[in-house]
Each structure stands twice: as C-alpha cells, then as structure tokens.
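Reviewing the structure listed below.
No lab work stands behind these numbers, since they all come straight from the coordinates. The model shown is predicted, which means the values in this text are computed figures rather than measured ones. Positions of Cβ are backbone-derived with ideal geometry, glycine not excepted, and every protein chain shown enters the neighbour counts.
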Amino acid sequence: MINPINIFYLTRIDKDASLEDFNQYLHILSNSNTSLKNRERKSLYKLVDLLLKYDVSIDDLDGFTVSYSIPQIAKEFDLLKIGIGSVLNIELKSEPIELDKIASQLKRNKYYLKHLSALPILLTYESQTDRWYTLDTNDNCVEIACREAKKRISSFGNYFSDNTDSHFSPSSYLVSPINQCDAFLRKEYFLTSQQEEFKRNISKQLANNKMVKLTGGAGTGKTLLLYDIARDFAESNGNTCVIHSGNLASGHYVINQHMADKMDIISAKQAPSTDLSRYKALFIDEAHRLYAHTLNQIIEIHGTHQIGVVFSLDSRQSLSKTEIRSNNEGRIDKFVPSDLHYSLTNKIRTNRELASFIRAMLDLRRKNDLIRPCPVKVLYAKSTDEARLVIQNLRKHNFTYISLTNSKYTASVFDELTILGCQNTHAVIGQEFDNVVVAISKSFFYDDENALQATFHPNKNYLSIRLLFESVTRVRNNLAIVVVDNCDVFSKLVTLLDGND
C-alpha cells in the first residue's frame, strides 16, 4: 500500500539532512516503505524549487505518488499523479541522457498507464541543466520549455488520494500469446526486467546452438517469454519450430498463419513424424508433458545437428502419474548444465487474492494466509443437472467453463459435468482466461490434515487434484466454483471465504 503525498511537504526537510531521515519522513507521509536514492532526492528538490520559481502552486504539488512500483511487475515511476481519466508522470534524471533512452522509458510508461488515460501527461526532468522532455504525437522525444511543463502540471485537475495500488492490476500487462495472439503479434506488451534479462541470455545461448531450460510457476509469464524469444528468433533466422505439449488452440493457428515460412507451431503428437532437423531452433512448450520417445528425439537431434533448444516447463503442473514417473525435468537436467537453467520467480498474471485462495482451498491450514477480498464465488448445486444450469448461467456472464478431463473409456460423473462447446483441462494447457468456472464433484474431500483430496479418477493415470489445480490456475480475474452434491466441501469453502467483503 502506498498513498499520494504533497511533494512540497516532503522537500521541506533540510537538504543537508541525512538520507535516512528523509526516507523515514517519506515513509510516514506515504504510508509505505518506498525510498529514494540520494541523487533522486537531489533531483526532486531541484524540481520543486524550479516549479515554485515558475509560480506553480503548492496545491499543484499535491497528489503525487513517489517512487511507485506496480506490484509483482516492478515497473517503476518516479512521480505519478492519477485522476479521473487522466494521469501525470514525471521521470527524474540527475544528469543528461540520450534522447532515445528517454523516449524508450516514456513509451514504456505510456503502455503501462494507457488504462488510466488515453493521453497521459509524460514528462522527463533533467535536473543538471533544468531541461524538460516529452513525447510528441508520433512518440518521438522532444524538448519543451519549462513554462510548457509548468502549464501541463498546473492543468491537472482533481486527483485520487487513495491507495495507488488500487489503480493497477498486474495481470493486465501480461499478454497471452495464445488467447491474445493479435496483441502478441503486434508486440503490444513489454517484458518485465527479469524476463528481459532471461531473453538476452537465452538468445545468446541459441546463437551458440545450446540447450537451455526455462522454468516458472503458473502466472510467471513463462509462455509469453518462450513465444517472444521464438518469434524474434524466427524473424531473424527463419526455420523455427515451437512444439506444444497439448492440443493446439485457435491462437496457435493464427500465429502459424502470420509467421508462415518462418515459424511452425506443432503439437507434440506431430513431432515424431516431423523432420525436426531442418529447423534452426526448437522451442518446447510444456516440456514436462512430452512422451519419453519425443524427448529423446529432441535431445538426439540437438546432439547430431547442433540445433538450439529451449525447454519450457513446470513439473508441478504434471497431470498424470505417467508424467510424474517420466520425470522429464530430471532427464533434461542431465543434458542442460545448471548455468543454463533460467527460473522465473515473479508472478505477474496471478491475482494475489486468487492465488492465496487457491493455496488455502488445497490446504485449509493456510486460511490465515488468505488475502481479502477474494474474487471467488462458491455456489452449490444439488445434482449434476442443476450444476449444468448454474454453469450455463455463468457462461452468459463471460465465465469460461473448464471441465476436468474425463476418461475416454469409463463413464463417470466427469462425463455428466462435460458440456458441449466447453473445453477440458488438457485443452486449455498454456492458456488463460479472465473469468473461470470449475465444478467440484462428490469425489473430492478434505482429509484429516485438511488437505483437499479426491477418491478416484475413471482414468487411473489421471490425478484429479492436479487437474483441478491446472484448471483454476488458468484464471486471471474471477473464479467461480460449483460444488455438486458435496455438502462437506461446500461448507468448508464457505467457511474459508467467511469474512469476505
């Protein structure tokens, strides 16, 4: 949590006061732990003094969030002021800097602020020479006079004084290459600093035909990073192949059409009958799901033809006993040295409240870790017929229903909860949706340790708990759980949410 402050008040502390005292005062004013470095503090003092010299009122210096960082993304803004349909951003520079670097930063800021205003006020102040810069209508960096900067700052109207975090949703900045393929192909997104670092390192390894491993939990942007590197490699080198260990979605075909003659996306089932040696690089999505013979094929082709390979995986999302026994990650580790392992740790897509609920749902002992309010609905249905009615109603309200994958050979309640036109767990691997609804049948229960378990799956190879986890982690914003004829689980989930606003 961080609150806007009046930067006039902040700069009334003596300029010679210690940085520790200055930041302590900043903490008190903003109700946060944010801090400035000494050069940033000096630039802020010069900024305020200059604006006062140009008759900017103290009122105009109110409502600024200082050194704001978007949660989970670590995108930083030096000064940020938010109003209804408007936003003002001032970046502070202590010394002259190249115009292209200023332009790059302001364009990136524009992207992250576009949901707040179609025309954000973007300024860069360089304190050594008192120069101001902004973007013109073509997003070129141009210098403007101080009076023009003062005019733009003073013209800002009413501002929000609430928690700045409330105006940002981290998941909004993570594009799904499969579900939002048009935005992906137009490159309407930015990578986080960690993703950018990994991209540079992995691209260097691909240039040397190395094999690398990319890991990360649900919501870390692993799929976006993999496809981003693959797309850029294909545009520079051609002959690139992405192997998706799941069913191809419509977005895969759109990308294939757009990248024709440069990049092919194929399913893992197609790999054995495909001449992979003709490609310059292979990108394996959901590598923990590969059949052993396909993984062996890829490793052998790398060794024989010196083709760069990126394995992207998360073993915790294995859905079957076979996938767990295969231990693809362990086998990959035998061929990929540890210094070529890249693990994404910053969760972007994951809504913190949703993530805390999912953890607590799987283990009720984590109830105290719940972050409220949770954007979760828990609904009860007395029968599968009633559940289908509830699910159809939610679909009319833009919820995507994901059924737990059933058995092709043995009839069960999983079949009764399958709805025509809806996708199952395996069909949505690697995808994400704003609103998701899942069903929990009588086969689920809480054990003596308050951990969610399942009695069986009609396909003895599938793990119901893993299927449920994979399904609920496809959500970005809102989750609905329809509990079917299972009073005990329903009661415990309602108790879990008790106190939710």
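Here the stretch 364-430 is treated with +1 on each Lys and Arg Cβ and -1 on each Asp and Glu Cβ, and its dipole about the Cα centre works out to around 360 debye. Summarised in one figure, the compactness ratio Rg/Rh of the chain, Cα atoms and Kirkwood Rh, is 1.02. Taking N as the residue count of the stretch 197-253, its C-alpha radius of gyration divided by 2.2 N^0.38 Å amounts to 1.18. Each Cα pair of the stretch 195-291 feeds into the Kirkwood radius, which the Stokes-Einstein equation turns, at 10 °C and 1.306 mPa s, into a diffusion coefficient of 115 µm²/s.
Over the chain, dividing the summed -39,500 (n - 2.57) contributions of all DSSP H runs of at least 4 residues by the number of residues returns a 222 nm mean residue ellipticity of -10500 deg cm²/dmol. Amide H contacts of ASP363 (H built 1.01 Å from N, in plane; Pro and chain starts excluded): LEU452 sit under 5 Å, all sequence-distant by 5 or more or on other chains.
Specify the inter-centroid distance of the stretch 287-303 and the stretch 164-194, based on alpha-carbon positions, in whole Å. Using only Cα atoms to place each centre, the spacing works out to 31 Å. Given +1 at the Cβ of Lys and Arg, -1 at the Cβ of Asp and Glu and no other charges, the dipole of the stretch 181-344 around its Cα centre is 280 debye to the nearest 20.
Placing +1 on the Cβ of every Lys and Arg and -1 on the Cβ of every Asp and Glu, with no other charges, gives the chain a dipole of roughly 760 debye about its Cα centre. A viscosity of 1.306 mPa s and a temperature of 10 °C, combined with the Kirkwood radius over C-alpha pairs in the Stokes-Einstein formula, give the stretch 241-289 a diffusion coefficient of 144 µm²/s. Stretching ILE371 away from SER273 to a fully extended chain increases their span by 30.5 nm, per 0.36 nm per residue minus the current alpha-carbon distance. With kT/(6 pi eta Rh) evaluated at 25 °C and eta = 0.890 mPa s, and Rh the Kirkwood radius from Cα pairs, the stretch 181-344 diffuses with a coefficient of 156 µm²/s according to Stokes-Einstein.
Computed from the Cα positions only, the extents of the stretch 7-167 along the three principal axes stand at 43, 35, 28 Å, in decreasing order. Estimated from the Cβ-Cβ distance and a Förster radius of 22 angstrom, the FRET efficiency linking ASP59 and SER35 is about 0.25. For the stretch 231-242, the Karplus equation 6.51 cos²θ - 1.76 cosθ + 1.60, evaluated at θ = phi - 60°, returns couplings of 4, 5, 4, 5, 5, 8, 10, x, 6, 10, 10, 9 Hz by residue, with Gly and Pro reported as x.
In this structure, the amide hydrogen of GLU91, modeled 1.01 Å from its nitrogen in the peptide plane, lies closer than 5 angstrom to those of LEU123, THR124, TYR125, counting only residues at least 5 positions away or on a different chain. Relative to the longest principal axis of the chain, what angle (0 to 90°, nearest 10) does the C-alpha long axis of helix 487-497 take? For helix 487-497, the angle is close to 10 degrees. Taking amide hydrogens as placed 1.01 Å from N in the peptide plane, the amide H of ILE371 sits under 5 Å from those of SER356, PHE357, each at least 5 positions away in sequence or on another chain. Working note: Debye formula, equal point scatterers on the alpha-carbon atoms of the stretch 366-501, no solvent; log10 I(q)/I(0) at q = 0.11, 0.12, 0.14, 0.22 Å⁻¹ is -0.37, -0.45, -0.62, -1.63. Provide, as a two-decimal number, the C-alpha radius of gyration of the stretch 1-50 over 2.2 N^0.38 Å, N being how many residues it has. Computed over Cα atoms of the stretch 1-50, the ratio equals 1.04.
Ellipsoid semi-axes for the stretch 429-473, based on the Cα gyration tensor and the rule √(5λ), read 21, 14, 9 Å when sorted largest first. A Förster distance of 25 Å, applied to the separation of the beta-carbon atoms of GLU449 and THR410, puts the FRET efficiency at 0.30. Counted over the stretch 264-308 with a bin width of 5 Å, the fraction of Cα pairs per bin, in whole percents, is 5, 23, 37, 27, 8. Normalised size of the stretch 124-276, defined as Cα radius of gyration per 2.2 N^0.38 Å with N residues, equals 1.43. The value of relative contact order for the chain, using C-alpha pairs under 8 Å at least six residues apart, is 12 percent.
Computed from backbone phi with θ = phi - 60° and the Karplus coefficients 6.51, -1.76 and 1.60, the 3J(HN,Hα) list for the stretch 213-228 is 10, 10, 10, x, x, 4, x, 8, x, 5, 5, 4, 4, 4, 6, 5 Hz; x is used for glycine and proline.
Each residue of the stretch 481-486 was assigned a 3J(HN,Hα) from its phi angle through the Karplus expression (A = 6.51, B = -1.76, C = 1.60, θ = phi - 60°), giving 10, 9, 8, 9, 6, 9 Hz with x at Gly and Pro.
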